[in-house]
Amino acid sequence: MFYLSTRGEAAQRQFDDILLEGLAPDGGLYLPEHYPRFSLDDLRRLQTLSYPELAFEILQPYVEPMDAAALRALVRATYTAEVFGSAEVVRIKPLDARISLLGVSEGPTLAFKDMAMQLLGRLFEQALAKSGQELNILGATSGDTGSAAEYAMRGRRGIRVFMLSPFGKMSPFQTAQMYSLADANIHNIAVQDVFDACQDMVKAVSSDLSFKRTKRIGTINSINWARVVAQVVYYFAGYLRSVRGVGEPLSFAVPSGNFGNILAAHVARQMGLPIHRLVLATNENNVLDEFFRSGVYRPRGTAETHHTSSPSMDISKASNFERYMFDMLGRDSARTRDLFERRLGEQGHFDVSHDPAFSRMQAEIVSGHSNHALRLQTIREVWERSSVMIDPHTADGVAVAHAHLEPGVPMLVVETALPAKFSATLVEAIGQEPQRPAAAESLEQRPQKFVVMKPDVDALKAYIAEHV
Ligand SMILES: *Cc1c(COP(=O)(O)O)cnc(C)c1O
């Protein structure tokens, strides 16, 4: 399989070449030159497979020429009962006759990002061992991504993680989850400032190209193609385990921020999975809901970004959205470049409402958004009616899913985090603490390992130089 860029670079790279890369050199995002197709007969054959076997079948065409035996070993080591709590790896949790949750947050950090990140840890380790190189991952986090990355990379050969977080501004649970890791290759850097300052420090270090090169600095961002494709697997698993007969319609509702998770669902559909409709759910940061209603895409500035009770969806621009637009515009890279480079650059927005492609987008993806009160109400209703506790991000998905139910079409809402991660909001909604998975018991009492730093780029560079 060869990969091309949404902004015109020809298909000439393979999976190994793009695995450790961010943006393509032309500023675009990488996509495979085509999507492998699965017929209904193929899907029937997949229906009996275990999760790792299914992952092998879905990933194989994307990673070739990687050795098949190596990929098989990789997915078997990644998707285990030990890491994901059960041999099923992802779980279907019925709420009522029409709506079920797709439980993809059973991994070590209790959010869906583990599904891709755990595989990425092994892929990175293998690629680095092959090239004899090392990688120092530098990132900033306000919660889920940073912890998923640390749990995926802990103890891996050739990899160190330097993760910046805003000192004292994450929930006690999130803080303990990251800072309690004692592995020598994990560096928690607590910055005495807000998240945006952490992100600015990462940008400043990354833009010092000679420092970046000599210290082998890389990132794990949400535009990494391997992350997207690892997420495709659970849409197949969710569909195949839910329908009675392959070919029956099923819709998915996806709580969305950077458009990574729902992009994976779009890819699954392109591969032949009979998804009826995708329901995109946002919180008050409704950039994407606005687009699917109006055809206008207008990223916001940080000043316009709301801090909400579903914080992992508090985004101002959806970094994976360009991939979807490229596909839906007939893979026209000149058009994609015009929209994302020229129009966003010059006008701060673009409008495709009059394009025939936009009606195709609206037929595929419908959308909605929630607010704090609606999330609380949804958490309460689901608890009262189904005795299931859901986290505020999943509540956003359930709330928006209700508005888009269609007769005879079951709905799977992607459970993007477990409620234990957001207990304060659960207490506010239903007056009780959510249950914790056994592995997370007494997390806050464990010893913590982190360094406190002022928002000073030179101090950060000195720390990195000292520890690589
Ligand atoms: C990251 C995250 C999201 C948003 O996913 P995207 O892939 O960015 O759309 C939603 N919910 C939770 C809990 C998350 O951690």
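The values are calculated or read from the model by the stated rules, or taken from the named source; none is laboratory data. This structure is a prediction, so every number in the text was calculated from the model and none was measured. We place every Cβ from the backbone using ideal geometry, glycine too, and count neighbours over all the protein chains shown. For the accessible areas, the whole protein counts, side chains as well, though only heavy atoms, and no ligand, DNA or RNA atoms are used. Shrake-Rupley method; radii C 1.70, N 1.55, O 1.52, S 1.80 Å.
Numbers at a glance
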read-out	value
Rounded to whole Hz, the Karplus (6.51, -1.76, 1.60) HN-Hα couplings of segment 169-185, x for glycine and proline	10, 9, 5, x, 5, 4, 4, 5, 4, 7, 6, 7, 6, 9, 4, 5, 8
Listed residue pairs exceeding 19 Å between alpha carbons, taken from 212/461; 203/454; 203/317; 212/449	212/449
Assigned charges on the beta-carbon of Lys, Arg, Asp, Glu; the chain dipole about Cα centre (debye)	520 debye
Volume of the Cα convex hull of segment 353-468, divided per residue and given in Å³	251 Å³
Taking all pairs of distinct alpha-carbon atoms in the chain, Kirkwood radius in angstrom	22.6 Å
Leading residue at positive end of dipole, segment 61-215 (Cβ point charges), from 143, 211, 179	211
Selection from 1, 162, 399 lying farthest towards where the dipole of the chain points positive, charges on Cβ	1
Proximal aspartates and glutamates to residue 169, defined as alpha-carbon separation beneath 16 angstrom and excluding residues fewer than eight positions away on the same chain	144, 193, 196, 314, 444
CD proxy at 222 nm, helix term only [per DSSP H run n ≥ 4: -39500 (n - 2.57); per residue of the chain; nearest 500]	-12500 deg cm²/dmol
Built amide H within the under 5 Å cut-off of residue 367, gap 5+	280
Å² of accessible area per residue within the chain, as computed with a 1.4 Å probe and no ligands counted	39 Å²
Net lengthening on full extension, residue 86/residue 206 (0.36 nm per residue, minus Cα-Cα)	39.3 nm
With every protein chain in place, the chain: carbon and sulfur % of accessible area (1.4 Å)	50 percent
Extreme residue, positive dipole direction of the chain, given options 417, 297, 12 (C-beta unit charges)	12
For residue 92, residues with placed amide H under 5 Å, excluding near neighbours	103
With DNA, RNA and ligands ignored, accessible area of residue 141 (1.4 Å probe; Å², nearest 10)	0 Å²
Per residue, the convex hull volume that the Cα atoms of segment 120-167 enclose (Å³)	60 Å³
Whole-Hz ³J(HN,Hα) from phi, Karplus 6.51 cos²θ - 1.76 cosθ + 1.60, for segment 214-227, glycine and proline x	5, 9, 6, 7, x, 10, 10, 9, 6, 8, 4, 4, 4, 5
Residue 409 long-range amide H proximity, modeled H, under 5 Å	none
Karplus-derived 3J(HN,Hα), 6.51/-1.76/1.60, for each residue of segment 394-406, Hz, glycine and proline x	5, 4, 4, x, 5, 4, 6, 4, 4, 6, 10, 5, 10
Projected label distance in nm at residue 97 and residue 462, using a 7 Å step from Cα toward the beta-carbon	6.8 nm
